[in-house]
Amino acid sequence: MGQMKTVGKKAWGYRYVILVAVWLLYVINYFDRTSVLIFLPMIRDELGLTPAQAGFGASIFFFAYAIAQVSGGWLADRIGAKRVMTIAIVVFSAVTFLTGMVRSYVQFIWIRLFLGFGEGHHFAPAHKTIADWFPKKEKGTATAFFSTAWAFGPAIIPVVITALAAAFGSWRPVFYVLAVPGLLGMFILWYFVNDKPEEMVKKGRMTQEEYDYIKSGLVSDEAVEGKKGGMSIVVKDKYFWIYSLVLFCNLAIYWGSTTWISSFLYDQHHFNLKTMGALVSLPYVVAIVAMLLGGRLTDKIFKNKTKPVLLISYIVSIPVLFYVGMVPTGNVPIIITMLVLLGFFVNLSFGAVYAYPQIRYPKDIVGSAVGLSNGFGQLGSFVAPLVAGFLVVKTTSGYSYTGAFIFFAALAVLASIGTLFLKEDKFIMNNQSVKSSSTSL
């Protein structure tokens with residue numbers, strides 16, 4: 001027991017190499033998807049699109065992405081997370097290259113669909129990898145660190161790609177350049193990552209002590225261990241659907257605001273491209289801190305309980321989202337303050353919300369649980385930008401996004417209510433019936 005404790009407190013271990021690897025892969029993923037949103041005002045103008053058409057083009061990505069979550073989780077449980085992530089990287093890197101060649105609205109829609117389908121097969125396998133490599137008491141922190149990929153990426157992407165666009169004189173060549181990191185991603189995946197920790201013990205990259213520590217803390221259940229019918233098992237748990245609704249709202253808020261924040265600053269507040277790129281990065285710089293803090297609070301302060309962190313995030317986000325769209329044009333200090341608050345409280349939830357299925361469900365079905373719940377949740381990513389696009393109002397001085405941010409605030413209210421009904425005890429399957437244990441592992 002003392003030895004296990006020593007290993008657990010070890011400053012470094014191969015499980016952290018795995019974590020950094022899947023994190024880097026997802027940063028590459030985010031470069032591809034976020035760049036389209038940063039250039040959305042320019043793409044809209046060049047292709048002659050209305051705000052509603054631009055919103056549909058942004059949203060359709062998440063329709064394909066949502067469908068791919070389910071198949072991605074299902075495939076990860078069957079053929080292995082590493083193989084599925086490889087396919088995803090090949091597809092989304094190729095589609096990113098083709099994005100620079102878009103010349104019409106129809107082409108733009110098809111590109112967004114294929115990009116969503118490719119990137120959608122990346123998420124659930126990445127979470128399954130974390131589930132296979134980290135014991136329960138570290139899942140909140142590990143998941144929070146992984147979640148910073150979608151804060152770190154958007155924090156640096158606007159600055160990098162707007163500088164590239166300025167250097168090239170156009171947004172199109174940027175997408176040709178962004179296809180290159182996919183090659184680096186494939187090398188990282190195949191050299192450093194393995195689906196099974198025991199394989200790294202055999203290769204001498206991980207100690208037996210670390211393997212024993214990981215294995216002793218994995219969420220497992222003899223009733224489902226080794227079984228492949230993950231989806232048929234988790235759908236019997238009513239709390240899975242409550243969680244999926246909460247995740248729907250969570251992702252709708254995040255991607256709704258992420259999709260329109262650059263257009264909001266460009267259209268409503270009339271910032272130039274360079275200033276807009278810097279301000280768009282601000283919420284995501286703050287989000288890195290928020291995500292890591294949320295994970296540590298889940299693991300250390302609330303002892304693997306996700307609900308307190310989720311409630312703090314959603315409840316405080318309500319007034320923040322409500323007011324963001326009402327900030328008077330030109331009031332830069334207030335805009336900066338609201339962007340910081342938005343970045344912190346909207347993103348505080350991510351470590352906890354994605355740790356939930358890893359804490360509740362056995363490792364053998366966690367790929368299916370994450371894939372199905374995120375598939376449902378990503379429908380929020382599809383719906384929110386689309387609805388917000390119709391809530392953007394053209395004015396004499398440009399566009400008003402007030403209605404869109406009020407809509408995001410209403411989603412935070414719904415997420416808060418759903419969180420109150422979540423059950424966090426370990427999921428157990430016995431004799432084809434589902435129950436919750438009264439105690440956690």
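Numerical summary
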item	result
Criterion: out of contact with any Pro (no Cβ under 6 Å at 6 or more places or on another chain) and closer than 24 Å to V286 by Cα - qualifying residue of K139, K128	K139
Residue within the range 293-309 that is at pLDDT 90 or above and under 18 Å from G256 (Cβ atoms) present	no
Single unsatisfied condition, S416 versus (1) of a type in the set (S, T, N, Q); (2) at pLDDT below 85; (3) farther than 30 Å from N272 by Cβ	(2)
Residue within the range 223-230 that is of a type in the set (G, A, S) and modelled with pLDDT of 85 or more present	no
All positions within the range 310-324 that are out of contact with any helix residue (DSSP H, G or I) (no Cβ under 7 Å at 6 or more places or on another chain) and under 17 Å from Y243 (Cα atoms)	I312
Residues of the range 232-290 satisfying the condition of being closer than 26 Å to Q53 by Cα and β-branched (V, I, T)	I253, T258, T259, I261, T275, V280
When residues of the range 306-334 are limited to those that are in a loop (DSSP other than H, G, I, E, B) and buried (at least 20 other Cβ atoms within 10 Å of the Cβ), the one nearest to the chain's Cα centre (by Cα)	T306
Hits in the range 193-214 (condition: assigned to a loop (DSSP other than H, G, I, E, B) and among the hydrophobic types (A, V, I, L, M, F, W, C))	V193, M206
Sole exception among (1) surrounded by fewer than 17 Cβ atoms within 10 Å (Cβ to Cβ); (2) over 26 Å from G367 (Cα atoms); (3) of a type outside the set (G, A, S) for K238, by number	(2)
Residue list for the range 355-399, filter: of a type in the set (S, T, N, Q) and in contact with a helix residue (DSSP H, G or I) (Cβ under 6 Å, 6 or more places away or on another chain)	Q358, S368, S373, N374, Q378, S381
Qualifying positions in the range 156-181 - under 30 Å from P357 (Cα atoms) and buried (at least 21 other Cβ atoms within 10 Å of the Cβ)	I157
Condition met for V346 (within 24 Å of V159 (Cα to Cα) and among the hydrophobic types (A, V, I, L, M, F, W, C))	yes
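The values are calculated or read from the model by the stated rules, or taken from the named source; none is laboratory data. All values reported here derive from a predicted model rather than from experimental measurement. All Cβ positions, even for glycine, are placed from backbone atoms using ideal geometry, and neighbour counts span all protein chains on display.
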